[in-house]
Amino acid sequence: MKTNSLYIASLDPAAGKLLVTMGMMELLTRRIEKVGFFRPVISENNGPDNDIKLILSKYCPDMSYDDCYGFEEEEVKTLVSQGKTKEFYEKLVAHLGELHKKYDFVLCEGLNSSGFLSSFDININLEIAKNLGCHFIGVLNGLGLDAKAVQESIKIAGDSVQDAGCTHFATFVNRLSTGAYNSLELYDLHINNTPPTFLLPEEKELGKPTLADIQQGLDSSYVLGLPEDLYRVVKQFKIATMTVEHFLGYVKDGDLIIVGGDRADILLASVTTLSSPNYPNLSGILLTGGFTPGPNMLKLLEGMELPVPILSVAHGTYETTSQVENIPVRITPDNHRKIALGLGLFDSHIDADVIIKQADISVSNTVTPIMFEYGLFDRAKTKRMNIVLPEATDERILRAAEILLRRQVVDITLLGKETDIRTLSAAHGLNIDQATIIDPGQSPLLYDYTTTLYELRQHTGLTMEGAADAMVDVSYYGTMMVHKGQADGMVSGAIHTTGDTIRPALQIIKTSPGISVVSSVFIMCLDTKVLVYGDCAVNPDPNAEQLAEIALSSAETAAMFGVEPRVAMLSYSTGSSGKGKDVDKVREATHIAQEKRPDLLIEGPIQYDAAISPEVAKTKLPDSEVAGQATVFIFPDLNTGNNTYKAVQRSSGAIAIGPVLQGLNKPVNDLSRGCLVTDIINTVAITAVQAQAMQQED
């Protein structure tokens, strides 16, 4: 059933349709160049629509907010009361029609469950989907239902969609208990040519509020803490009205402590538990009654660098507690942890191929940054690699590790003292339970690793004692894990220098056969294509032989990530027009590379404009198979390469992923010390794909 639009709506309250919307958007944007998003009716009583904000920020950054919805609830109420229902549907159809002119596919999300829906005597979501001509996806809430009850709900939902005259695309049953999920997996839910049914188990954390939810829901003020810690999940809340001694006996992991703001004793006791390994980690502290810490208490707390927020509300403890119980739970655009958890849940339980086949979706030849990034994750997931992260005492590394584990992109090994790593992760409310943690100094493999390093480096004068000292260093230990096959790749550099990362790799892993130089590329994701720039991070002034090796390594890296290599050897002149030492180096490097790999398309020397612009290429090199359509750009030196990639990145808004190291026998990649969590995630995914490719070659 080929379609260019789908309509997702809850058929039960609290069914979690946003999870399905995110999963479907992720699935579509991996394969289709231009995907739009549309909500027929929204409510802005509590500010801009959360679902639109999330989808725009993650999947449709070029789409305007106003294009994403048709009406506000109050407008629809007025139209219905005036008997203008037909006008309502006509405007929705016209709006969706305009979106189809701009986008190859439009995903629609239905109305939220609210009192507004009671003004209709029909299922308004089904009626809208029918009038828009969208294929319908229903989302059911399986919470608390056994397998038999779920099957009955699926049948009733199917009948309802059919009776409404909609084309039924699929049904999702969300929030299933483990027992119901396991039982339903044994049944054939795809019988009599019925639309596919997909099952999603309950993930408790998605149903728990964060401190950000509580802050917004109560309109509370922020007393102390870091903004990122607002996304800690509140597992339960405790009302502290007793003495400190009795209060401490009730504290549990993930508690939000609700206490009168004048109870300095409870406040101090709560803060003290954060630094004690004998007590669980709180999610936050909520002070009631409008009382906040005085100047001296505030000074004391500020010096503690608290890892949990302290909030304050004007209401009393009883009223505040009642409000906390009724705060809606959301997945907000800036809650990357919940987004990762939700997408990991969707990816691991939904067969994307069934959906793609059902919708008869054609994969776009154009590659956008979003498509490249999600394609990267898809490839990494096909065979999960074990990536070692030596810098586990850095908060950014732990945040990235949690997201990667939740998305089920790779397996993670963290290096360092286990108590330190777990204390740091718990202090920030992070869950890294799925990671393997190794303390190099206590590892049973330490002697074997030390002996191996000594054997590899004794010709340089390294002693056994020196090898032992080196091997307790996390960079050396992680590199040896990769060399020995206990890890498939390593990512480092958030704390360590590039030299700290590359040196052990050169000493232990060494370069690939026929390669004498380790180099790097940046993968440049432009609006509609992906280019590869090398070398922009490692070699200051390579000679002609080295430049040729960099070109060949970069071509292989490009092919590894799905970019057809057409190599441009860049210089300040094109063809035979220029002379001088620098252009001669590029000309010689081009000849060497062409002789080594006659099967590759390699052009040089060539200027950047002639390499990338078909119009310029017609004038300067009209007969070249590379000019005007180059995909791999090799810069003559580090100064040119580094400045160019940054200029393109900043001026065009391109996403620069890297540096990706190349030329090593096994993958090791370097991070910038100013890297963001997103940079770490992308680099780990790239390392996993490199590891997969290298293992296939073996």
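Only helices (runs of 4 or more DSSP H) whose full extent lies in segment 455-552 are considered here, and the ones with at least 3 residues that are open to solvent by 10 Å² or more (accessible area, probe 1.4 Å) and touching a strand residue (DSSP E or B) at 6+ places or on another chain (Cβ under 8 Å) are 498-504. Cβ separations smaller than 7 Å between residues 6+ apart or across chains give the following pairs from segment 209-235 residues that are closer than 17 Å to Phe291 by Cα to residues that are open to solvent by less than 20 Å² (accessible area, probe 1.4 Å) and among the hydroxyl-bearing types (Ser, Thr, Tyr): Leu218/Thr320; Ser220/Ser312; Ser221/Ser312; Val223/Ser312.
Selection within segment 660-680: residues that are of a type outside the set (Asp, Glu) and open to solvent by 20 Å² or more (accessible area, probe 1.4 Å). The member of this set that is farthest from Met371 (Cα to Cα) is Asn665.
Looking at segment 596-630, which of the residues that are of a type in the set (D, E, K, R) and within 19 Å of Val583 (Cβ to Cβ) is most open to solvent (accessible area, probe 1.4 Å)?
Once the filter is applied, the top-ranked residue is Lys620.
When you scan segment 432-444, do you find a residue that is in contact (Cβ under 8 Å) with a residue 40 or more places away in the chain, over 18 Å from Arg503 (Cα atoms), open to solvent by 40 Å² or more (accessible area, probe 1.4 Å) and part of a loop (DSSP other than H, G, I, E, B), even just one? No, that holds for no residue. Among the residues making up segment 610-643, a single one is in a helix (DSSP H, G or I), under 30 Å from Ala691 (Cα atoms) and touching a strand residue (DSSP E or B) at 6+ places or on another chain (Cβ under 7 Å): Gly641. Kindly indicate whether Thr382 is within 30 Å of Asp255 (Cβ to Cβ) and open to solvent by 40 Å² or more (accessible area, probe 1.4 Å). For Thr382, the condition - within 30 Å of Asp255 (Cβ to Cβ) and open to solvent by 40 Å² or more (accessible area, probe 1.4 Å) - is not met.
Candidates are the residues of segment 96-106 that are part of a helix (DSSP H, G or I) and farther than 16 Å from Ala129 by Cα; the one that is most open to solvent (accessible area, probe 1.4 Å) is Lys101. Pairs linking a residue in segment 560-584 that is touching a residue at least 60 places away in the same chain (Cβ under 8 Å) to a residue that is among the charged types (D, E, K, R) and open to solvent by less than 30 Å² (accessible area, probe 1.4 Å), with Cβ atoms under 9 Å and 6 or more positions apart or on different chains, do not occur.
Apart from one condition, Asp535 fits all of (1) closer than 19 Å to Asp637 by Cα; (2) out of contact with any Ser or Thr (no Cβ under 6 Å at 6 or more places or on another chain); the exception is (2). Can you pull out the residues in segment 10-63 that are within 17 Å of the chain's Cα centre (by Cα), of a type in the set (Ser, Thr, Tyr) and modelled with pLDDT under 90? Across segment 10-63, the qualifying residue is only Thr29.
Can you tell me which residues in segment 648-670 are among the polar types (S, T, N, Q) and more than 22 Å from the chain's Cα centre (by Cα)? Answer for segment 648-670, where residues must be among the polar types (S, T, N, Q) and more than 22 Å from the chain's Cα centre (by Cα): Ser651, Ser652, Gln662, Asn665.
Each row is one residue, and each column tells you yes or no for (1) over 21 Å from Lys208 (Cβ atoms); (2) touching a helix residue (DSSP H, G or I) at 6+ places or on another chain (Cβ under 9 Å).
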position	(1), (2)
Leu389	yes, yes
Glu395	yes, yes
Arg399	no, yes
Arg406	no, yes
Leu414	yes, yes
Ile421	yes, yes
Ala426	no, no
Leu430	no, yes
Thr436	yes, no
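Quick check: is even one residue across segment 232-244 of a type in the set (S, T, N, Q), open to solvent by 10 Å² or more (accessible area, probe 1.4 Å) and not in a loop (DSSP other than H, G, I, E, B)? Yes, that holds for at least one residue.
Quick check: is even one residue across segment 653-660 farther than 18 Å from Cys525 by Cα and in a strand (DSSP E or B)? Quick ask: steps written out before the conclusion?
Initially, segment 653-660 is screened for residues farther than 18 Å from Cys525 by Cα, giving none.
No.
Of all the listed residues (Val329, Val354), the sole one being of a type in the set (A, V, I, L, M) and closer than 14 Å to Pro209 by Cα is Val329. In segment 679-696, of all residues being of a type outside the set (A, V, I, L, M) and touching a residue at least 60 places away in the same chain (Cβ under 8 Å), the one that is farthest from Ile495 (Cα to Cα) corresponds to Gln695.
The values are calculated or read from the model by the stated rules, or taken from the named source; none is laboratory data. Predicted, not measured: the structure shown is a model, and the values here were computed from it. Quick reminder, even Gly has a Cβ in these numbers, built from the backbone with ideal geometry, and neighbours come from all protein chains shown. Remember, those area values only see protein heavy atoms, side chains included, never the ligands or the DNA or RNA. Shrake-Rupley method; radii C 1.70, N 1.55, O 1.52, S 1.80 Å.
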